[in-house]
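Let me begin by presenting the structure, written as structure tokens, before commenting on it.
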Amino acid sequence: MTQMQQGEARFDVTLRYQQQYRDTQEAIENVRLLSPSGERVSLAQLTGISTDDGAEEIYREAGQRYIAIKYSVRGRDLGSTVEEALSKVEHNVKLPPGYHTEWAGEYESQKRANKRMAIVVPVTMMAIFLILYTMFRSYKWAMLILVSVIMASIGGPLALFITHTNFSVSSAVGFLALFGVSVQAGVIMIEFINQLRAVGYTVEEAAIQGAVLRLRPIMMTMLVATLGLLPAALSHAIGSDSQRPFAIVIVGGLLANLVIGIFLLPTLYVWFAREDDKLPETEGSFEG
């Protein structure tokens, strides 16, 4: 390699022998070089030439060489697959001195996301609880809605199991979205039952009437989100791997929440309700 200068610009120029002088090992050995004394000697007289296996490209990062070994995961979740691979490599692969392994790529990104989720989920639940307490001025109703939300979330893992979809960061985000919609359904139910009790209904009567009369608005709330995400949940096109788990969790969770919100939440209300509960103030008569 040499350099060519044109004005102030410099360009690297690589010179190569013609094909017939470099296509075989013998041809390379016969390459003539000019010695300091003016004699021409062959390259084989100066060095040993052999054919060996080696790296086609050498990669460097942080001043060190590295070799990238890549593989994809199919039919299993990324986390458990890499954890199993880590265990097998640790027990079966002995690296020479000066070598070490690092696991990066999507696995590293997933670990960072899981750490964030470990903070985001508790903070989200606490924020929901504080908002519910501010609305009802009662720990009891806030906890009751949270319990129904957690139980309704069973539909998310069940949907993942039925569709043979692995749990991922995308599906975890879907649970956060599911919490929000489930809380809305619980607020609609509890608020209406409290209003019925405030105008004279007994606890059992208010729970039954609340389940019957709030079925339509709760169903509308659930079906709007469910039908909107159903195409994404059923999609198998390119790029759907990131959005499908998110949609499956929400669709499955909302369908389960529809059943739980109509049957379980009124039942839990009857168990937790007391005659001295603080109820909203109403004026006049109330019509369902």
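The values are calculated or read from the model by the stated rules, or taken from the named source; none is laboratory data. Just so we're clear, the structure is a prediction, and the values are computed from it rather than from any experiment. Note that we place each Cβ from the backbone using ideal geometry, even for glycine, and neighbour counts take in every protein chain shown.
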Filter result for Gly253 (touching a residue at least 24 places away in the same chain (Cβ under 8 Å), on the phi < 0 side of the Ramachandran plot and either β-branched (Val, Ile, Thr) or out of contact with any Gly (no Cβ under 7 Å at 6 or more places or on another chain) (or both))
no
Return only the number of the condition from (1) under 30 Å from Tyr71 (Cα atoms); (2) under 25 Å from the mean Cα position of the chain (by Cα); (3) surrounded by fewer than 16 Cβ atoms within 10 Å (Cβ to Cβ) that Ser168 does not satisfy.
(3)
Considering only the stretch 184-214, state which residues are surrounded by fewer than 20 Cβ atoms within 10 Å (Cβ to Cβ) and either closer than 30 Å to Tyr107 by Cβ or under 33 Å from the mean Cα position of the chain (by Cα) (or both).
Gln184, Val187, Ile188
If you check Thr226, Thr165, Thr221, which single one turns out to be in contact (Cβ under 8 Å) with a residue 40 or more places away in the chain, within 30 Å of Glu106 (Cα to Cα) and in contact with a helix residue (DSSP H, G or I) (Cβ under 9 Å, 6 or more places away or on another chain)?
Thr165
Close pairs from the stretch 264-286: first hydrophobic (A, V, I, L, M, F, W, C) and assigned to a loop (DSSP other than H, G, I, E, B), partner surrounded by 14 or more Cβ atoms within 10 Å (Cβ to Cβ) and at pLDDT 65 or above, Cβ under 7 Å, at least 6 apart
Ala273/Val203; Leu279/Asn194; Leu279/Arg197; Leu279/Ala198; Phe286/Gln195; Phe286/Leu196; Phe286/Val199
Which residues, taken from the stretch 117-147, are out of contact with any helix residue (DSSP H, G or I) (no Cβ under 7 Å at 6 or more places or on another chain), loosely packed, with under 12 Cβ neighbours inside 10 Å and more than 13 Å from Gly180 (Cα to Cα)?
Ala118, Ile119, Pro122, Val123, Leu130, Thr134, Arg137
When the stretch 188-218 is examined, which residues are found to be small (Gly, Ala, Ser), over 13 Å from Tyr269 (Cβ atoms) and either in contact with a Lys or Arg (Cβ under 6 Å, 6 or more places away or on another chain) or outside any loop (DSSP other than H, G, I, E, B) (or both)?
Ala198
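For (1) within 30 Å of Pro245 (Cα to Cα); (2) at pLDDT below 80, each residue gets a yes or a no:
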position	(1), (2)
Thr2	no, yes
Asp12	no, no
Gln18	no, no
Asn30	no, no
Pro36	no, no
Ile67	no, no
Tyr71	yes, yes
Looking only at the stretch 38-49, which residues are without any contact (Cβ under 8 Å) to a residue 12 or more places away in the chain and under 18 Å from Thr24 (Cα atoms)?
Gln45, Thr47, Gly48
